[in-house]
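The values are calculated or read from the model by the stated rules, or taken from the named source; none is laboratory data. Small disclaimer: the values here were computed from a predicted structure and weren't measured. Here the Cβ positions follow ideal geometry from the backbone for every residue, glycine too, while neighbour counts run over all protein chains shown. Please note that ligands, DNA and RNA were not included when accessible areas were found on the heavy atoms of the full protein model with its side chains. Shrake-Rupley method; radii C 1.70, N 1.55, O 1.52, S 1.80 Å.
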Amino acid sequence: MQNYLFPLVAFIVILSSNAKAADDKYLFSIEQALNKHSNLVDPNIELYFATQPHGEIIESLGTFVTNKKTNARFKSPDTSCSWVFMSAILALQQKAAIQGGNAVVNIHSFYKKIEIFNEQRYECHDGKNVSGVTLKGTVVRLDK
């Protein structure tokens with residue numbers, strides 16, 4: 001029985017080390033992601049990141065969080081992260097449309113409830129199989 005124990009233990013150790021999920025944190029360019037997928041963005045709902053200046057808020061319609069994941073298998077972190085970032089942006093724009101807003105302001109990263117306010121970069125976590133972006137923003141009606 002002891003002859004089988006060592007190979008079995010070694011096999012389990014190898015499997016468990018491969019099973020550990022990667023969770024690499026990246027900060028990618030908001031502008032590059034928006035430009036890469038500009039055809040998806042709703043031009044009727046404006047986007048303002050972190051402390052970017054915007055018009056006068058007529059009405060605040062609520063603050064919302066969107067937590068999106070995408071398949072990262074066989075994709076570069078830049079590719080999967082820009083895609084999942086856009087998914088999160090589109091979810092915020094959809095929420096604005098439903099609430100009757102014309103903008104989302106104060107958009108910032110909110111991964112694992114840690115707020116990062118950055119006008120140029122968003123946070124993405126990339127693993128072996130999944131990339132994730134969490135954004136938080138306030139839906140408003142701006143005076144135009």
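For this structure, a couple of remarks:
- Test: residue in region 78-89 that is more than 18 Å from residue 24 (Cβ to Cβ) and open to solvent by 10 Å² or more (accessible area, probe 1.4 Å): yes
- Subset of region 26-49 (residues that are among the polar types (S, T, N, Q) and out of contact with any strand residue (DSSP E or B) (no Cβ under 8 Å at 6 or more places or on another chain)): 32, 35, 38, 39, 44
- Some residue of region 67-74 being modelled with pLDDT under 95 and out of contact with any helix residue (DSSP H, G or I) (no Cβ under 8 Å at 6 or more places or on another chain): yes
- Checking 124, 81 one by one, the residue that is of a type outside the set (S, T, N, Q) and not in a helix (DSSP H, G or I) is 124 and no other.
- Tally, over region 89-105, of residues that are in contact with a strand residue (DSSP E or B) (Cβ under 6 Å, 6 or more places away or on another chain) and over 13 Å from residue 61 (Cα atoms): 1
- The set of residues in region 69-109 being closer than 14 Å to residue 128 by Cβ and among the charged types (D, E, K, R) consists of 69, 73, 75.
- Listed by first and then second residue, the pairs with beta-carbon distance under 9 Å, at least 6 apart or on different chains, first residue in region 55-76 and of a type in the set (A, V, I, L, M), second open to solvent by 80 Å² or more (accessible area, probe 1.4 Å) and assigned to a strand (DSSP E or B), are 57/141; 58/141; 61/141.
- Pairs with Cβ under 6 Å, 6+ apart, first in region 26-52 and under 22 Å from residue 142 (Cα atoms), second among the charged types (D, E, K, R) and assigned to a loop (DSSP other than H, G, I, E, B): 49/119; 50/119; 52/119
- The single condition among (1) assigned to a strand (DSSP E or B); (2) over 8 Å from the mean Cα position of the chain (by Cα) that residue 96 does not meet is (1).
- When region 20-53 is filtered for residues that are open to solvent by less than 90 Å² (accessible area, probe 1.4 Å), within 19 Å of residue 110 (Cβ to Cβ) and in a strand (DSSP E or B), the ones remaining, listed by number, are 24, 26, 27, 28, 29, 47, 48, 49.
- Test: residue in region 54-64 that is modelled with pLDDT of 95 or more, assigned to a loop (DSSP other than H, G, I, E, B) and surrounded by 14 or more Cβ atoms within 10 Å (Cβ to Cβ): yes
- Of residues in region 99-112 being under 12 Å from the mean Cα position of the chain (by Cα) and in a helix (DSSP H, G or I), the one surrounded by the fewest Cβ atoms within 10 Å (Cβ to Cβ): 112
- Pairs are defined by a Cβ separation below 6 Å, a sequence spacing of at least 6 or placement on different chains, a first member in region 78-105 that is closer than 13 Å to residue 47 by Cβ, and a second member that is in a helix (DSSP H, G or I); the pairs so defined are 85/33; 86/40; 104/92; 104/96.
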